[in-house]
Every structure is written in C-alpha cells, then in structure tokens.
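Comments concern the structure below.
Where a number appears in this text, it was derived from the coordinates with a stated rule and is not lab data. What you see is a predicted model; the values in this text were computed from it and never measured. Heads up, the Cβs are rebuilt from the backbone with ideal geometry, glycines too, and the neighbour counts pull from every protein chain shown.
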Amino acid sequence: MGFILAPLAMKHFLKTAGVIIGMLCAWFPGGALPDQTTLETRPVALSQNLKPGDRTGRLRFLGMLELPDLMRDGWRLSQLSGLAWDDDDGILYALSDKGALFHLQPLFEGDILTGVKLLQALPLRELGSGKPLRGWRIDAESLDILNGRNGRRGDAELIIGTERVPQIMRYRPDGYAIGQYTLPAPIDKAGVFRDPNKMLEAVCVDSTFGVLAVPEVPLKNEREGYTRIFNVAGLSWLYPVAPGDRITAMECLGQGQVLVLQQNYQNPFGQVVVMLRRAQLASGSPALPLKPETIVTLDSNKGFLMDNFEGLARHRGNRFFMVSDNNDLFVQRTLLMYFELLDN
C-alpha cells in the first residue's frame with residue numbers, strides 16, 4: 001500500500017534529499033555520481049591444495065579473483081600494472097599501462113576477498129593542458145599514494161611512474177596531473193636504461209627517504225648482479241638480483257623498509273616465479289649492497305597458479321593486494337590476489 005506525505009513533510013523531505021544529493025555530487029569530479037558496477041569475477045585457487053584462509057610458508061592466502069576484460073567509459077580493464085590503497089576513501093586505485101586509472105572497491109566476506117566493484121574509469125591527463133595522455137607517456141607502470149591514511153577524505157594524491165619516458169608525476173584521483181618530480185642522474189635520461197619498456201617499473205613513498213623508484217632491470221652500466229633503488233633526492237642503494245629477474249612493484253612499509261615484488265617471467269607459456277622480498281634501506285647512500293630477506297617464493301613449476309604480477313599495494317596491517325598484467329593476451333588473465341604476510 002502506498003502513502004502520501006503532507007505538504008510540509010514533503011517539502012522538508014525534498015529539501016533534505018536535495019542537500020544530500022548535492023553533497024554527493026560535489027564529492028565526485030564533474031558533479032556526477034559514479035555508475036558503480038559489481039564485476040562478474042571468478043574465484044581462482046592459488047594452488048590445488050590451498051583454499052582461502054590456508055597458509056603456505058609465511059603467506060596466508062585470502063582469495064584471488066579473475067577480473068573480466070571489459071570496457072568502461074572507453075577504457076579497457078586490462079594490462080593493470082600498478083595498485084594503491086586509499087584507506088580514507090576505501091578505494092583501490094588500479095593503473096593501466098594504456099594511460100587509464102580505475103577506481104575499485106574490494107568486497108570481503110570475513111577476511112576473504114570475494115568481489116570487486118568498479119566505481120570509475122578515467123584517463124590520465126597531461127600536466128598543464130589537461131588533455132588525455134598520448135604517445136609514449138601513456139605507458140604508466142608504477143603507482144603509490146600520498147595522504148591515503150591521514151584520516152581526511154578527498155585529499156589523496158597519486159604518485160605515478162612511467163616507462164618509455166622516465167618520469168614520476170603527481171596526480172589527483174580524477175586523473176589530472178598536478179606536478180612532476182625532478183629525477184636525479186642517471187635515471188633522468190632514457191639512454192641509461194636497457195630497454196624503453198624496462199624503465200621505472202616501481203615507485204613508492206617512504207616516511208624517511210621520500211619517493212623511491214627502481215627500474216625493472218638493472219641499468220646498462222650497473223654493477224653485475226645488482227640493480228639500484230633510487231630516491232628523488234639522489235640517494236641510491238644496491239639491490240641484488242639474479243639473471244632473468246625483474247622488479248615489477250615495490251611497497252614502502254615505513255622508516256626505510258621496502259617490500260619488493262620480484263619475478264622471473266619470460267612468457268605466458270613458461271615457468272613463472274614470483275617472489276616477495278623485504279629490505280631495509282640504510283641512511284645515506286652506502287656502498288655495501290642491501291641484504292633483502294625472501295619472505296615468499298611462488299613457483300608455477302611447484303603447483304602455484306602464477307601470472308605476470310606487476311602491481312602491489314598494502315591494505316591494512318600485513319595484508320596486501322597484488323594484481324597481474326594480462327598484456328591484452330587471451331591466454332593471460334587479470335588476477336587480483338589478497339594475502340597476509342606472517343611473521344613466522
């Protein structure tokens with residue numbers, strides 16, 4: 001049965017509703033509410049013997065989802081290579097290396113990742129002109145966040161590193177560029193990198209050393225068996241890597257401690273080894289190499305269902321998200337994994 005509001009009650013109702021709608025519209029860029037879409041995801045096992053909640057070594061598996069390859073506002077949800085978590089607004093930002101930024105909302109049942117909502121799909125824009133990125137600069141590969149855990153909503157900034165053109169930019173969450181960091185030598189020149197597609201693959205913001213960046217593979221003239229972690233102030237630290245290994249993401253844990261996503265991945269039909277290693281950066285720029293601790297090794301030859309994981313973001317505490325880049329190939333998948341790292 002329906003009901004009828006008295007005129008004064010109706011007037012008050014409409015006024016209140018208008019205020020609420022106005023506030024919500026003002027919250028989102030362009031004054032429009034996002035069209036939230038609950039994605040049709042598919043749960044994926046980490047291995048045949050592991051279900052969500054189980055542990056392998058020092059990793060507790062908390063769910064993995066295959067995300068659909070779909071278009072949203074002209075942008076394809078694929079080739080995701082960077083993640084950042086905004087704890088104040090409850091948004092997981094995902095970066096495509098085609099110059100698109102996606103706002104995602106992870107869904108949980110208890111501790112387990114069970115679904116994802118797609119809130120927005122936006123282009124990254126040029127500094128100054130505000131036009132969508134074009135040319136080599138669309139190849140955005142690395143992502144971190146400022147002001148994502150300060151208790152204030154709506155003030156986050158995204159730190160984005162690119163390949164093809166070595167640069168680290170500051171963006172608003174609506175995709176508009178607001179600044180650019182000056183890179184130190186030698187990473188301010190494209191010629192020092194081994195390949196245009198293997199430049200600044202990982203960035204993060206540390207509470208002690210500021211913005212950190214690392215190339216995907218060692219620079220041309222780097223010491224054999226090492227790559228180097230740089231900060232924008234010009235400090236650097238030697239980091240050991242084995243032949244064939246690539247660094248694809250890095251998460252700052254605070255006070256100079258970094259969690260590095262490292263993998264040996266050649267093609268979608270071969271062996272994939274994914275490692276998470278933790279290192280402590282020393283003060284200054286020491287000549288002695290870092291001694292990272294390997295926390296987890298996930299090897300496809302040992303039954304782990306791995307893919308080309310390129311994005312890493314801390315959620316809360318020792319829990320993290322990790323995402324794979326499907327390279328826009330039908331034989332690969334976009335996998336969003338959620339896990340906890342254990343002390344022992």
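Structure notes:
- Inter-centroid distance (Cα atoms) of the stretch 285-313 relative to the stretch 152-174, Å: 25
- Estimated from helical segments only, the mean residue ellipticity of the chain at 222 nm is -2000 deg cm²/dmol, where each DSSP H run of four or more residues counts as -39500 (n - 2.57).
- Placing dummy labels 7 Å off each Cα toward the beta-carbon, the span from S283 to T114 is 4.9 nm.
- Charge dipole (debye, nearest 20) of the chain; +1 at Cβ of Lys and Arg, -1 at Cβ of Asp and Glu: 340
- Put a dot 7 Å past the Cα of R55, heading toward its Cβ, do the same for L70, and the two dots end up 3.6 nm apart.
- Within the stretch 39-341, all pairs of alpha-carbon atoms sorted by distance into 10 Å bins from zero give the percentages 6, 30, 38, 22, 4, 0.
- The stretch 192-233 versus the stretch 107-137: alpha-carbon centroid distance in Å: 24
- Structure note, pairs K51/K117; K220/K302; K117/K291; K51/K291: Cα-Cα distances above 28 angstrom occur for K220/K302; K117/K291; K51/K291.
- Gain upon complete extension [D328, T297; 0.36 nm per residue less C-alpha separation]: 8.6 nm
- The T38 and R194 beta-carbon pair, evaluated with R₀ = 35 Å, returns a calculated FRET efficiency of approximately 0.25.
- Between A202 and V214, the built amide H atoms are under 5 Å apart, and every one of these is 5 or more places off in sequence or on another chain.
- The HN-Hα couplings worked out from phi for the stretch 165-172 by the Karplus form 6.51 cos²θ - 1.76 cosθ + 1.60 (θ = phi - 60°) are 10, x, 7, 10, 10, 10, 10, 7 Hz, whole numbers, x standing for Gly and Pro.
- Using a cutoff of 8 angstrom between alpha carbon atoms and counting only pairs six or more residues apart, the relative contact order for the stretch 44-106 works out to 19 percent.
- Distance between the 7 Å Cα→Cβ label points at Q255 and A242: 3.1 nm.
- Crossing angle, helix 7-27 versus the chain [Cα axis fit, 0-90 degrees, rounded to tens]: 20
- Efficiency of FRET between D87 and K220 - r from beta-carbon atoms, R0 35 angstrom, step 0.05: 0.35
- Efficiency of FRET from Cβ geometry, R319 and L127, R₀ 30 Å, rounded to 0.05: 0.35
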